[in-house]
Amino acid sequence: DFAEKEKAIAKALEDLRANFYCELCDKQYQKHQEFDNHINSYDHAHKQRLKELKQREFARNVSSRSRKDGKKQEKMLRRLHELAELRKQQD
């Protein structure tokens, strides 16, 4: 019974500490004020901006790639259509 209470307390403390963890910066804080200071810090904001920039760049590259693929497909379809027309004229 006592061991179970200790485990429950340890689990509760672990959960509380998890609340003061910044996943982006991989930093753990013991107090809410420390965590709050970190969230409002230049370093955290800088990492957040870098992460958002990388996400936007990735999305832009994916979009650009899909447009290029679409143009390639159109070109191939036009070429196939031209070849089909040439065959039709030859027959």
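No lab work stands behind these numbers, since they all come straight from the coordinates. No experiment lies behind these values; they were computed from the predicted model shown. Positions of Cβ are backbone-derived with ideal geometry, glycine not excepted, and every protein chain shown enters the neighbour counts.
From TYR29, TYR42, TYR21, which residue is free of Cβ contacts under 8 Å to residues at least 60 places away in the same chain, in contact with a helix residue (DSSP H, G or I) (Cβ under 6 Å, 6 or more places away or on another chain) and not hydrophobic (A, V, I, L, M, F, W, C)?
Answer to the check: TYR29.
Please specify each residue of segment 23-42 satisfying the condition of being over 19 Å from LEU13 (Cβ atoms) and either among the hydrophobic types (A, V, I, L, M, F, W, C) or surrounded by 11 or more Cβ atoms within 10 Å (Cβ to Cβ) (or both).
LEU24, CYS25, ASP36, ASN37, HIS38, ILE39, SER41
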